[in-house]
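Each reported figure results from applying straightforward, stated rules to the coordinates on display, with no laboratory input. Computed from a prediction, not measured in an experiment: that's the story for all the values here. Positions of Cβ are generated from backbone atoms using ideal geometry, with glycine treated the same way; all protein chains shown enter the neighbour counts.
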């Protein structure tokens with residue numbers, strides 16, 4: 001019997017559909033509309049699954065991108081830390097589908113930071129990926145940030161949204177109520193009708209979780225409306241002070257940024273990506289090429305008496321990348337001509353490179369035949385080569 | 001950010017095309033090295049420009 005009307009409502013609840021009857025589907029989500037204007041997560045690697053650089057780094061005393069892709073930390077004279085991509089095997093974050101987290105452990109404490117010392121962790125985002133917030137227009141949207149967090153310390157943490165195009169900021173706080181327990185937090189950030197995000201590939205927004213700071217960042221008040229950037233407001237409410245004891249740790253995962261205002265009952269689910277999809281989005285900013293001994297870089301060409309050229313076709317990056325590598329005695333070499341191997345003293349990015357294709361040439365090299373093809377490779381267990389185009 | 005680093009231009013066909021940043025040696029004699037393109041959108045290049053604005057000088061190419 002053909003159906004002229006499909007009973008979708010009963011199908012969704014598991015009840016037996018009523019032939020030629022029932023109630024037609026009128027909504028895609030529980031609250032009646034698909035809440036997302038973006039088809040992919042706005043934040044990359046919110047589940048900390050991709051960590052091309054390392055899975056653990058010790059002795060951290062300065063700022064940079066150290067561990068899980070896209071996540072940055074600013075650290076200025078405020079203790080020493082170990083970062084780890086921590087596997088999750090139990091707990092509330094695990095039970096909600098998160099298998100990895102970014103963990104920070106204090107290994108050398110600084111309980112009395114100087115006024116200008118600070119430690120925050122977060123992400124920097126391109127302006128062209130944020131236009132759906134319509135910031136700077138009369139239709140500006142609110143922001144909702146959600147995440148799972150765990151620490152040995154209870155207390156209040158401050159999160160700042162810093163518009164680096166217009167030097168503005170707006171903030172929220174979260175409270176860790178139970179020590180050593182994964183808790184889900186949601187922070188709503190106001191809409192801003194002032195100051196549009198520049199529509200380009202440069203940094204427009206920093207999201208900062210303040211972990212500790214000196215008095216320069218604590219004297220003001222947490223701004224719940226957008227305001228001109230103010231140093232004294234950046235950690236006005238935070239009291240986690242992760243750097244004050246070597247027993248301290250702080251972990252985070254499941255970070256999602258949504259357009260609009262949501263509560264714990266209306267927040268759309270975290271958008272899980274396959275590892276491959278996640279990795280591809282991260283590689284816009286960082287591409288690990290090789291690490292370890294006897295790994296290929298690319299074909300090479302002996303261009304002149306003392307210079308070898310390499311061409312790397314790469315996934316398109318945000319901008320022309322930096323070549324970031326470890327070097328030492330016999331770290332890099334070429335081979336190919338009659339089985340011979342010749343060492344290379346340095347790798348230099350050339351002037352023809354783009355964000356899609358990188359040309360390298362050697363500092364000096366000897367022993368090859370001009371015009372012949374070779375291949376470049378790592379020649380030491382500690383060799384490492386990456387392309388970096390972070391914000 | 002560049003404490004103890006050697007920072008110098010790389011020349012190609014007589015033109016400065018990139019900047020080599022050589023970090024101090026580790027205990028095993030190896031070191032980190034960056035080859036930074038002279039490209040406006042590259043944030044390492046922007047950091048070098050800030051370093052220069054602070055009164056430092058990029059060495060000429062060898």
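How big is Rg to Rh over chain B, alpha-carbon atoms, Rh as the Kirkwood inverse-mean-distance radius?
Values: Rg = 11.9 Å, Rh = 12.2 Å.
For chain B, the value is 0.98.
To the nearest 500 deg cm²/dmol, what mean residue ellipticity at 222 nm is calculated for the protein assembly as shown from DSSP H runs of n ≥ 4 alone, each contributing -39,500 (n - 2.57), summed and divided by the residues?
Numbers: 4 runs with 29 residues, N = 453.
It comes out at -1500 deg cm²/dmol, rounded to the nearest 500.
Report the percentage of all Cα-Cα pairs in segment A:202-250 whose separation exceeds 16 Å, rounded to a whole percent.
Details: 538 of 1176 pairs.
Tail fraction, whole percent: 46.
Write down the Kirkwood hydrodynamic radius of segment A:56-122, to one decimal in angstroms, obtained as one divided by the mean of 1/r over all alpha carbon pairs. Show your work: numbers first, answer last.
Numbers: mean 1/r = 0.0770 Å⁻¹.
One over the average 1/r among Cα pairs gives 13.0 Å for segment A:56-122.
If you build a Gaussian network model of chain A, linking Cα atoms that sit under 10 Å apart, which residue out of A:69, A:379, A:47 swings the most?
A:379
Assuming R0 = 45 Å, what is the FRET efficiency of residue A:39 and residue A:305, from their Cβ-Cβ distance, to the nearest 0.05? Display every interim value, and only then the final one.
On the way: r = 53 Å, r/R0 = 1.18.
Computed FRET efficiency for residue A:39 and residue A:305 comes out at 0.30.
If you build the Cα gyration tensor of segment A:245-317 and take the root of 5 times each eigenvalue, what three semi-axes come out, in whole angstrom, biggest first? Could you put the intermediate results ahead of the total?
Working: eigenvalues 364, 75, 23 Å².
With the √(5λ) rule applied to segment A:245-317, the semi-axes are 43, 19, 11 Å.
How many partner chain Cβ atoms sit within 10 Å of a residue's Cβ in peptide A:193-204, on average, as a whole number? Working shown, then result.
Details: counts 0, 0, 0, 0, 0, 0, 0, 1, 1, 4, 2, 0.
That works out to 1 on average.
Mind checking which of A:127, A:91, A:260 has the largest fluctuation in a GNM of chain A, springs on alpha carbons under 10 Å?
Among A:127, A:91, A:260, the largest GNM mean-square fluctuation belongs to A:91.
Note down the Stokes-Einstein diffusion coefficient of chain A in µm²/s, whole number, using a Kirkwood radius over alpha carbon pairs, 4 °C, and 1.567 mPa s. Please list the in-between numbers first.
On the way: Rh = 23.7 Å.
Stokes-Einstein gives a translational diffusion coefficient of 55 µm²/s.
Can you give me the Rg/Rh ratio for segment A:286-388, using Cα atoms for both radii and the Kirkwood formula for Rh?
Values: Rg = 12.7 Å, Rh = 13.5 Å.
Rg/Rh for segment A:286-388 comes to 0.94.
With springs only between Cα atoms under 10 Å apart, run a GNM on chain A and tell me which of A:89, A:144, A:253 wobbles the most.
A:89
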